[in-house]
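The values are calculated or read from the model by the stated rules, or taken from the named source; none is laboratory data. Values in this document were obtained by computation on a predicted structure and should not be read as measured data. Cβ coordinates were reconstructed from backbone atoms using ideal geometry, including for glycine residues, and neighbour counts include every protein chain displayed. For the accessible areas, the whole protein counts, side chains as well, though only heavy atoms, and no ligand, DNA or RNA atoms are used. Shrake-Rupley method; radii C 1.70, N 1.55, O 1.52, S 1.80 Å.
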Amino acid sequence: MTPKAPASSNGNPSDPCVIVIFGASGDLTARKLIPALYEQDRQQRLAPGTSIVGVARTEMSDDTFREKMHASAKEHAAAFDQAGWDRFANRLFYHAADAAAAESMEGLSAKIAELGGNAGILRQGGMPNILFYLSVSPDLYEPIIENIGAGGLVSEGHRWCSLNAEATPWQRIIVEKPFGNDLASAVSLNRALGRVFEEEETYRIDHYLGKELVQNIAVMRFANTIFEPIWNRDVVEHVQVTAAETVGVGSRAANFYDRAGALRDMVQSHLLQVMCMVAMEPPSVFDADAIMREKIKLLGSCVVASDAEAPSACVMGRYGRGKGPQDRAYIEEDGVDPKRNTDTYAAVRLEIDNWRWSGVPFYLRSGKKLAVKQTEIVVQFRRPPVQIFKMFDGSLADRPANRLIINIAPREGISLRLEGKVPGMGMKLDYADLQLDYLDRFGGEQVEAYGPLIVDAIRGDRTLYKHKEEVELGWKICEPFIKNPLIRSSIHTYEPGSWGPDAAERLFGGVGRWHSPPPGFVRKTVG
Ligand code: BG6
């Protein structure tokens with residue numbers, strides 16, 4: 001008998017299934033996926049009978065795999081308890097196979113059936129529900145997808161036509177980023193997926209969409225009435241989206257980063273998604289189809305820069321050598337080819353040519369080895385049309401006007417900057433911040449963003465995933481910058497621990513500037 005499914009995060013049942021992780025010996029599996037699944041299990045969001053099988057080429061026993069994952073869950077999970085781990089470890093298995101080789105699918109299929117049988121979760125046709133997770137090097141995506149199809153592991157198409165769809169197993173796939181390396185490769189990958197999986201069963205993951213505050217943007221905008229009337233070109237002067245990291249690229253340079261760079265790695269994916277949540281029109285309901293439609297519309301309204309325009313709307317940088325003897329410059333990291341001019345910092349100015357946002361620049365930036373770890377959105381409002389207090393306070397003109405900061409990480413919250421009268425004689429003005437700290441207000445354990453997203457995929461909820469068109473439009477918007485030889489050849493070197501190249505200020509053309517707290521700044525609260 002199929003075990004009863006527990007309620008998931010929002011009360012919907014999560015089906016029992018076999019989760020197949022391709023790339024089980026990789027960094028992402030150890031640092032993110034297993035700790036995230038363990039956290040979900042601790043919160044009883046994985047149905048009884050759900051099993052996880054790691055697949056990689058290295059020979060390894062289940063026990064060795066469990067030991068390795070134990071160490072990383074201890075290090076990376078938000079909270080760890082041994083009894084909880086022991087329960088979770090019973091769900092973990094390992095299967096050695098080269099998934100890029102077609103002949104390996106037979107063994108994998110037998111393994112999945114065996115795990116499903118042992119857990120009592122087989123459905124019609126003798127197979128359990130299967131969630132595939134592609135966490136391998138991107139050049140293996142297409143061969144593995146093809147092999148899954150050719151190996152007969154996907155019967156989803158039959159399920160749609162089945163009279164008893166509830167009893168037939170589903171098969172879904174989560175695809176990690178990078179989703180392609182440019183538009184052409186993303187289109188090719190989408191086609192490869194489409195040949196094997198229905199679009200409804202394809203989950204293009206962007207872990208930023210799993211972050212609490214990114215989801216909260218929608219709640220803030222659409223569950224309150226006070227923001228939408230001012231959320232437009234009449235009141236907003238510009239919007240900034242920043243994802244700053246203090247860490248460098250390190251050992252990722254050789255395998256991945258040097259061929260990607262910050263624009264591909266962060267802007268094309270995470271930052272465009274954050275921008276969508278800030279700028280899209282209200283969906284009719286908060287569900288996957290309605291939200292995807294709005295995001296696609298928004299990205300479709302983004303102006304694609306011409307070759308001539310792109311250099312004035314993008315600045316790239318790479319970090320130089322730091323003060324410590326170990327503090328290598330990016331070009332000294334192992335596996336870096338300096339001639340590639342790979343960006344560890346990128347800032348772009350985008351325009352959204354629609355009724356709401358025409359003329360409001362959106363500035364997106366991300367970089368490694370910057371001054372602070374901070375992911376935030378700044379909505380900068382316009383100044384009042386007339387400065388009636390200027391004779392009392394000359395500094396008013398130099399201060400940023402009202403602004404709303406939505407802090408996504410590390411401390412979740414929002415802060416609204418207002419001008420106030422300083423108490424006492426005379427008319428002196430100063431700013432004051434209204435602050436809402438989500439942890440203080442709502443409490444709760446901060447969990448790894450991957451966990452709830454994987455559970456959503458098990459529940460068949462694509463709300464926080466990306467449609468194929470979003471990915472392709474993202475590449476269309478970013479390619480003119482990524483492929484522009486002038487931008488790359490004029491890449492700037494910046495000091496580690498700084499806020500990146502000074503040249504990035506020029507994107508504002510003298511109007512406004514980046515919101516950049518001083519180096520060493522530790523955010524104890526928002527603002
Ligand atoms: C990943 C990028 O998608 O996001 C990494 O590949 C980056 O380069 C990471 O470090 C940042 O994620 P977060 O959640 O720490 O902001």
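The residue of region 389-425 that is farthest from the ligand (Cβ to nearest atom), among those that are at pLDDT 90 or above and more than 28 Å from Ala244 (Cβ to Cβ), is Gly424. Annotation: Ser251 fulfils all but one of (1) under 18 Å from the mean Cα position of the chain (by Cα); (2) surrounded by fewer than 18 Cβ atoms within 10 Å (Cβ to Cβ); the unmet one is (1). Residue pairs whose Cβ atoms lie under 8 Å apart, separated by 6 or more positions or on different chains, with the first residue in region 421-450 and on the phi > 0 side of the Ramachandran plot and the second away from the ligand (no atom under 16 Å from the Cβ), are Gly426/Phe392. Residue-level check: of (1) open to solvent by less than 10 Å² (accessible area, probe 1.4 Å); (2) among the β-branched types (Val, Ile, Thr); (3) at pLDDT below 95, Ile21 misses just (3).
From the list Ala184, Ala100, Ala79, the one residue that fits, being more than 23 Å from the chain's Cα centre (by Cα) and among the small types (Gly, Ala, Ser), is Ala100.
Taking the numbered list (1) away from the ligand (no atom under 16 Å from the Cβ); (2) of a type in the set (Val, Ile, Thr); (3) out of contact with any Lys or Arg (no Cβ under 7 Å at 6 or more places or on another chain) in turn, Val447 passes all entries but (1). Can you confirm whether Glu237 is open to solvent by less than 60 Å² (accessible area, probe 1.4 Å), more than 16 Å from the ligand (Cβ to nearest atom) and assigned to a strand (DSSP E or B)? So Glu237 fits the description; yes. Residues in region 292-311 that are of a type in the set (Asp, Glu) and surrounded by 14 or more Cβ atoms within 10 Å (Cβ to Cβ) were compared, and the one that is nearest to Leu364 (Cα to Cα) is Glu309. For region 270-281, give me the residue count where each residue is more than 10 Å from the ligand (Cβ to nearest atom) and either within 18 Å of Leu370 (Cα to Cα) or of a type in the set (A, V, I, L, M) (or both). The qualifying residues number 8. Within region 123-142, the residues that satisfy the criterion of being surrounded by fewer than 19 Cβ atoms within 10 Å (Cβ to Cβ) and in a loop (DSSP other than H, G, I, E, B) are Gln124, Gly125, Gly126, Ser137.
The combined condition, being part of a helix (DSSP H, G or I), among the basic types (Lys, Arg) and within 24 Å of Leu140 (Cα to Cα), is not fulfilled by Lys74. Would you be able to tell me the number of residues in region 370-388 that are within 13 Å of the ligand (Cβ to nearest atom) and open to solvent by 30 Å² or more (accessible area, probe 1.4 Å)? Adding up the residues that qualify gives 1. Among the residues of region 210-234, those identified as β-branched (Val, Ile, Thr) and either assigned to a loop (DSSP other than H, G, I, E, B) or without any contact (Cβ under 8 Å) to a residue 40 or more places away in the chain (or both) are Val219, Thr225, Ile226. Go through region 41-57 and give me each residue that's polar (S, T, N, Q) and at pLDDT 95 or above. If the condition is that a residue be polar (S, T, N, Q) and at pLDDT 95 or above, then Thr50, Ser51 are the ones that fit. Taking the listed residues Val267, Val247, the one that is of a type outside the set (Ser, Thr, Tyr), more than 10 Å from the ligand (Cβ to nearest atom) and either in contact (Cβ under 8 Å) with a residue 12 or more places away in the chain or assigned to a strand (DSSP E or B) (or both) is Val267, with no other qualifying. In region 182-203 there is no residue matching the filter, namely being assigned to a loop (DSSP other than H, G, I, E, B) and within 16 Å of the ligand (Cβ to nearest atom). Restricted to region 214-223, and to residues there that are within 28 Å of Gly512 (Cα to Cα) and not β-branched (Val, Ile, Thr), the residue that is farthest from the ligand (Cβ to nearest atom) is Phe222.
Scanning region 312-336 for residues that are over 26 Å from the mean Cα position of the chain (by Cα) and open to solvent by less than 50 Å² (accessible area, probe 1.4 Å) yields Gly320, Gly322, Gly324, Ala329.
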